[in-house]
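Trainee: Have a look at this one.
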Amino acid sequence: MARASVIAILFFAVCISSSLSLGYGAAKPRKFIIEGRVYCDTCRVEFETKLSESISGAVVKLECRNRTNGSYTYRSQDMTDGNGNYKIEVEGDYGDSDCDVALVKSPRPDCNDPTQEWRKARVVLTALDGISGDLRFANNLGFKKKVALPGCKQVLTEMGYFEVKHELEDEATNP
Ligand SMILES: *[C@@H]1O[C@H](CO)[C@@H](O)[C@H](O)[C@H]1NC(C)=O
Ligand SMILES: *[C@@H]1O[C@H](CO)[C@@H](O)[C@H](O)[C@H]1NC(C)=O
């Protein structure tokens, strides 16, 4: 009898704690923090080099669109800090949406042309994708400088950029 009541009490306690944790999980809104950086592509090559510069005060926007009918499910804007970094907090789960961080505006008149490749970056804002934690890193976004820096040739040579470029051009002309 004593043993049966201990089991009953234990069972009851387990039920309560699991229903409490379920209730808590459902009531707590899901939150994501998206971090990324905006840089100036000072060599006009569509990727970061060691001469790329962080842009502070650049405006980026986060937009999520319903994948089925394209209507916006989330929109916000943010500005980069002194190191070119931004941090956007979003509440909710956007598993049914496509979410992108995109460049809006550069404060630098000499570097305000968005790169083709990195004008926007996809972020996945759902707990159902197997990524744990609230923090999501977006690929860095770049504006292109109007005139490349004089040091670019040297840096790009060190990176093997011209060799690869010539190979690709040769392949394109003599396939
Ligand atoms: C997205 O749009 C579809 C079609 O109208 C709708 O059924 C669905 O509920 C929408 N999802 C969200 C998250 O708004
Ligand atoms: C898309 O679906 C959502 C949710 O059903 C609805 O509120 C919205 O008006 C729809 N948008 C368009 C463009 O059909």
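Trainee: List pairs: first residue in region 60-82 and without any contact (Cβ under 8 Å) to a residue 40 or more places away in the chain and within 15 Å of LYS105 (Cα to Cα), second residue outside any strand (DSSP E or B) and of a type in the set (S, T, N, Q) anywhere in the structure, Cβ distance under 9 angstrom, at least six positions apart or on different chains.
Mentor: Filtered contacts from region 60-82: MET79/SER56; ASP81/SER56.
Trainee: Which one is nearest to ligand 1 (Cβ to nearest atom) among residues in region 75-111 that are farther than 21 Å from LYS31 by Cβ and among the charged types (D, E, K, R)?
Mentor: Selected residue: LYS105.
Trainee: Considering only region 132-175, state which residues are in contact with a Cys (Cβ under 8 Å, 6 or more places away or on another chain) and exposed (fewer than 13 other Cβ atoms within 10 Å of the Cβ). Give the steps one after another, and end with the answer.
Mentor: The initial filter retains those residues of region 132-175 that are in contact with a Cys (Cβ under 8 Å, 6 or more places away or on another chain), namely 142-146, 148-149, 152, 155-156.
Matches in region 132-175: LYS146 only.
Trainee: Another one. Among the candidates VAL155, VAL147, single out the residue that is over 19 Å from LEU62 (Cα atoms), β-branched (Val, Ile, Thr) and part of a loop (DSSP other than H, G, I, E, B). Steps first, please.
Mentor: Working: VAL155 fails: part of a loop (DSSP other than H, G, I, E, B).
None of the other options fit; the residue is VAL147.
Trainee: Among the residues of region 42-71, write down those that are under 19 Å from ALA102 (Cβ atoms), within 16 Å of ligand 1 (Cβ to nearest atom) and part of a loop (DSSP other than H, G, I, E, B).
Mentor: ARG67, GLY70, SER71, listed by residue number.
Trainee: Only one of these is under 13 Å from ILE33 (Cα atoms) and of a type in the set (S, T, N, Q): SER132, SER106. Name it.
Mentor: The match here is SER132.
Trainee: Ok, one more. Quick one: TYR39 ticks every box in (1) surrounded by fewer than 20 Cβ atoms within 10 Å (Cβ to Cβ); (2) not in a loop (DSSP other than H, G, I, E, B) except a single one, so which number is it?
Mentor: (1)
Trainee: Scanning region 67-94 for residues that are within 16 Å of ligand 2 (Cβ to nearest atom) and surrounded by fewer than 14 Cβ atoms within 10 Å (Cβ to Cβ), which turns out nearest to PHE137 (Cα to Cα)?
Mentor: ARG75
Matching residues to (1) at pLDDT 95 or above; (2) closer than 19 Å to CYS43 by Cα:
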{"residue": "ILE88", "(1), (2)": "yes, no"}
{"residue": "ASP100", "(1), (2)": "yes, no"}
{"residue": "PRO107", "(1), (2)": "yes, yes"}
{"residue": "ALA127", "(1), (2)": "no, no"}
{"residue": "GLY142", "(1), (2)": "yes, yes"}
{"residue": "LEU149", "(1), (2)": "yes, yes"}
{"residue": "GLU169", "(1), (2)": "no, no"}
{"residue": "ASN174", "(1), (2)": "no, no"}
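The values are calculated or read from the model by the stated rules, or taken from the named source; none is laboratory data. Since this is a predicted model, take the numbers as computed values, not measurements. Here Cβ is always computed from backbone atoms with ideal geometry, including for glycine, and neighbour counts include all displayed protein chains.
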